[in-house]
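Have a look at the structure below before the remarks.
The values are calculated or read from the model by the stated rules, or taken from the named source; none is laboratory data. Computed from a prediction, not measured in an experiment: that's the story for all the values here. Note: ideal-geometry Cβ built from the backbone for every residue, glycine included; neighbour counts use all protein chains shown.
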């Protein structure tokens with residue numbers, strides 16, 4: 001990773017706080033951090049309020065980093081984030097369950113969600129449990145002989161309208177939102193003494209071994225189980 005790519009920008013938007021962070025991924029520390037309290041504002045995605053916060057901080061971060069911010073990770077806390085669990089059970093006609101069989105099953109579940117919830121954008125897709133030979137497993141056991149294979153999947157998603165509105169705000173600064181994260185999910189994985197930007201970075205880096213990570217189709221394909229799940233969107 002070159003020095004330029006070691007810096008990532010995170011924006012946190014929630015009913016009680018705005019936060020913006022310039023995060024050094026090499027040293028796992030914030031080079032810039034600014035937060036304001038909103039007192040549980042029911043209109044916290046108000047364009048004027050969020051725009052003023054960005055006006056007050058974007059230039060400072062760009063001056064500190066020595067370059068324009070072109071992309072940002074948005075950590076969103078919202079009661080409208082949709083949570084859904086989907087369970088599937090399939091007959092396995094192979095001798096054992098392989099990584100490829102699991103990958104195909106995950107693609108099927110993802111496509112099923114997207115077909116059923118057209119206006120929702122997936123933020124996170126986690127495997128809660130695997131079922132093999134009728135027994136639950138917390139982690140995948142490769143090449144286990146089983147006649148039936150099941151998955152319990154948890155989806156977290158947000159309305160495409162919400163994504164559109166937030167993208168429009170950031171477009172004023174020629175900034176593209178690279179990825180949306182569910183702030184409540186991110187925080188639930190760590191203790192409170194870790195900074196939000198570091199939590200988010202670790203989640204994006206595969207901290208949860210059972211989270212399926214979506215990568216662009218044109219990205220160089222990695223081994224499916226190198227560190228964590230990779231699923232092409």
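Annotations for the structure displayed:
- Any hit, segment 7-17, residues being more than 17 Å from residue 181 (Cβ to Cβ), in contact with a strand residue (DSSP E or B) (Cβ under 7 Å, 6 or more places away or on another chain) and modelled with pLDDT of 95 or more: yes
- Yes/no for residue 93 being within 23 Å of residue 171 (Cβ to Cβ) and not in a helix (DSSP H, G or I): no
- Subset of segment 183-201 [surrounded by 16 or more Cβ atoms within 10 Å (Cβ to Cβ) and farther than 18 Å from residue 78 by Cβ]: 190, 195, 197, 198, 201
Conditions tested, residue by residue: (1) crowded, with 16+ Cβ neighbours inside 10 Å; (2) in the same structural domain as residue 43 (by TED's automatic domain parsing); (3) closer than 21 Å to residue 208 by Cβ; (4) under 20 Å from the mean Cα position of the chain (by Cα).
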position: 67; (1), (2), (3), (4): no, yes, no, no
position: 73; (1), (2), (3), (4): yes, yes, yes, yes
position: 94; (1), (2), (3), (4): no, no, no, no
position: 113; (1), (2), (3), (4): yes, no, yes, yes
position: 118; (1), (2), (3), (4): no, no, no, yes
position: 136; (1), (2), (3), (4): no, no, yes, no
position: 148; (1), (2), (3), (4): no, no, no, no
position: 164; (1), (2), (3), (4): no, yes, no, yes
position: 170; (1), (2), (3), (4): yes, yes, no, yes
